[in-house]
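Rule-based calculations on the coordinates, nothing more; no lab input. Just so it is clear, the model here is predicted, and its values are computed rather than measured. Reconstructed Cβ throughout: ideal geometry from the backbone, glycine too, with neighbour counts over all protein chains shown.
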Amino acid sequence: MFMSLLIIFLVIFSGVCLTFMLLFFLRSERAIDRQLKAEDMLLENKIHLFSKKISLMREDEKVFFRLLEKIAGTEYYVFPQVHLTELIQVADGVSHHENLYQLLGVKSVDFAIFDKQKIAPRVAIELNGEYHFWKSQRSKDEMRKALFAQVGIGFVAIQKAASYNTQALQEQIAQYLSPISPQA
């Protein structure tokens, strides 16, 4: 008699728990849907405030991009304005996975060089302008350098200049592009 009541209680309790979990999940999904719809409506009402960019890169970035293409050669792709989510993934099983992914998604590097065979990131490159001398920006750069080192992607920061020493730049980048590189 006691066992029968206990089993009935456990079945009912399990059903109630599953119902609450399902309701919580559905409520979360609806909240996300409402937020996305609100963002779309906000954008829709401000659509007239936007125009097409003339170019993905500034003129100084284009010059540097073309130099990187020469250095990378035919075995690598050079991409400008690459979001960190295209270079780094959040490890499976990490709590707050989506929050960390969103945090990465709003950040980018000026350039990234990818292996053509695997389309795998090899090195991220920042073209540092005047603001990179600010203490807050230097701190961000150090964090990025540590993050890239942690995940096995090279990181090179280059000071923006009127012209570049191609040989010195090639030496900085080559260590991440060699076939025996651990970032491969």
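Quick notes
- FRET efficiency, 1/(1 + (r/R0)^6) with R0 45 Å, evaluated for GLU44 and GLU142 via beta carbons: 0.65
- Across the range 61-88, the residues whose backbone nitrogen lies under 16 Å from the label position 7 Å along the beta-carbon direction of LYS107 are 81-88.
- For the range 59-177, the Stokes-Einstein estimate of translational diffusion at 25 °C and a viscosity of 0.890 mPa s comes to 163 µm²/s, using the Kirkwood hydrodynamic radius over alpha-carbon pairs.
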